[in-house]
Amino acid sequence: MTVEERNERNERKEKILKGLELAYQNMILFKKEKNSKIIVRQGDKIVELNP
């Protein structure tokens, strides 16, 4: 893998991570507005969280 390919891969990775963070923030705002719980998996359990 060349240096250029590595840089492109890192840039793509950073864009994906920023997009995921933005989507998560938007989900939290939506859940707060609708006063609904966030369902997540913690270990082997499924739990409800208040935003």
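The values are calculated or read from the model by the stated rules, or taken from the named source; none is laboratory data. On a predicted model such as this, the values are computed, not experimentally measured, just so you know. A quick note on method: Cβ atoms are made from the backbone with ideal geometry, for glycine too, and the neighbour counts reach across all protein chains shown. With ligands, DNA and RNA removed, areas are computed over all heavy atoms of the protein, side chains included. Shrake-Rupley method; radii C 1.70, N 1.55, O 1.52, S 1.80 Å.
Below is a table of values for the structure above.
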{"quantity": "Candidates VAL47, VAL40, filtered to the one that is open to solvent by less than 100 Å² (accessible area, probe 1.4 Å), of a type in the set (A, V, I, L, M, F, W, C) and over 17 Å from the mean Cα position of the chain (by Cα)", "calculated": "VAL47"}
{"quantity": "Single match in GLU11, GLU21 (criterion: open to solvent by 100 Å² or more (accessible area, probe 1.4 Å) and either modelled with pLDDT of 95 or more or not acidic (Asp, Glu) (or both))", "calculated": "GLU11"}
{"quantity": "Counted residues, the stretch 25-37 - those being in a helix (DSSP H, G or I) and exposed (fewer than 10 other Cβ atoms within 10 Å of the Cβ)", "calculated": "2"}
